[in-house]
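Notes to accompany the following structure.
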Amino acid sequence: MSLHTLKPRSQTVAITMGDPAGIGPEIIIKAFALSPELTQGCCVFGDVSTLQNQLTQLAPLLPRHVECVSVSNVVQAGQSLAHQLPVIQCGESHLIAMGQVSAQAGAMAAAAIRSATQAALMGEVAAVVTAPLNKKALQLSGEAFPGHTEMLQSLAAEHLGLPVSGLPVRMMLSCPGLRVVLVSIHMPLREAIEAVTLENLLQTFQVTHDSWLKFYGYAPRMSVAGLNPHAGEEGLFGEEEIRFISPAIEQAQALGLNVRGPYPPDTVFMHAHSQQGQKDTDVVVAMYHDQGLIPVKFLGLEEGVNQTLGLPFVRTSPDHGTAFDIAGKGIADPRSLLAALKAAKAQP
């Protein structure tokens, strides 16, 4: 398997606004106010009115002056001043009630994703950092995707002239001291168990291996979690490890990949996490969404980063949701977005 890679013509980083009813606009504004060096060269794809309204409310709380400016293209955004927050208008503007799910908010979020993704596929931006969206609002807007990852995969595959199955992608979640890649993403647990197949496992190992080589320049040491308690205990608690996971690991090893396991899911993360840096694993491969995300979010939600492996461009995002319960209150924490920006800018 070889990664499809597009060479960007620009170093500009696109930031999508996310759901306007959530904390996306707030954490973006705070990021520009708190870290002008990091956000220099970034451009927001979203709704000018939403961001301007949020900026007006947040201005008294910000450590420095930030000015929202409307730009028509990425070139103009790259010419913006250090105190400016450049915004490219995407789709129609609607007045949105904070903290409430709506089709209009979902449509605004989707328009930003589509525009930023198109810019990345055309080489106009070097990376895309996505602020959180609400999956129900996205569905109400008429989009058929359960989340960012599937939407980005579909748009990229269409651009490359491939079926979606021809562009396998995986979620990698990171926090200080731990990185986790998921075999399956957004699906019911029953379906996630059925997704533990030889093909999906081998694909996960290969995508992780190839992406790691591209981003970090060396082959990753992968430790694989079992699906069942005690990794099945030799079939006593389930046979998925015997039928699928162990054979996939053996085949990956035969291909030269550094993969080990399966290990009991309640201890495998100890192989990869150490605040002292003493570890024997670069990344844990988890079988399903919550198995992998619980330890990452417990260890460092404030600095967690989600990165999509396998896309032809760099995409990262904060490792949290829209937080409707605190939207509009001015108390959202931008650290995860800042970590996502750092991760995006660090990629070659």
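Each value in this text was obtained by applying a stated rule to the coordinates, not by laboratory testing. In this text the structure is predicted, and so the values were computed from the model without any measurement. Positions of Cβ are generated from backbone atoms using ideal geometry, with glycine treated the same way; all protein chains shown enter the neighbour counts.
Quick notes on this one:
- Using the Karplus relation 6.51 cos²θ - 1.76 cosθ + 1.60 with θ = phi - 60°, the per-residue 3J(HN,Hα) values for region 98-111 come to 5, x, 10, 6, 8, 5, 5, 5, x, 5, 5, 5, 5, 4 Hz, with x marking Gly and Pro.
- When you restrict to C-alpha pairs under 8 Å that are six or more residues apart and normalise by the size of region 64-158, the relative contact order lands at 23 percent.
- Against the compact-protein benchmark of 2.2 N^0.38 Å, the Cα-based radius of gyration of region 1-114 scales to 1.09.
- Averaging the sequence gap over all C-alpha pairs within less than 8 Å and six or more residues apart, then dividing by the number of residues, gives region 170-309 a relative contact order of 41 percent.
- Built amide H within the under 5 Å cut-off of residue 127, gap 5+: 14
- Counting charges near residue 91 (Lys, Arg +1; Asp, Glu -1) among other residues having Cβ under 11 Å from its Cβ returns a value of -1.
- Computed label-point distance, nm, for sites residue 236 and residue 194 using a 7 Å Cα→Cβ extension: 3.0
- Averaging 1/r over each pair of different alpha-carbon atoms in region 167-250 and inverting the result gives 13.8 Å, the Kirkwood hydrodynamic radius.
- Beta bridges by DSSP in the chain, antiparallel share as percent, to the nearest 5: 30
- All other residues whose Cβ lies under 9 angstrom from that of residue 303 are scored, Lys and Arg at +1 and Asp and Glu at -1, for a net of -1.
- Value of Rg to Rh for region 170-309, rounded to two decimals, is 0.93; Kirkwood radius and Rg both from alpha-carbon coordinates.
- Cα long-axis angle, helix 198-216 against the chain (0 to 90 degrees, to the nearest 10): 60
- Percentage relative contact order, the chain, counting C-alpha pairs under 8 Å, at least six apart: 23
- For the options 37, 26, 67, a Gaussian network treatment of the chain with springs between C-alpha atoms closer than 10 Å singles out 37 as fluctuating the most.
- Among the trypsin sites (Lys or Arg not before Pro) within region 124-179, not one is in coil by DSSP while having at most 14 neighbouring Cβ atoms inside 10 Å.
- Highest-MSF residue in the chain out of 127, 14, 82 [GNM, Cα springs under 10 Å]: 82
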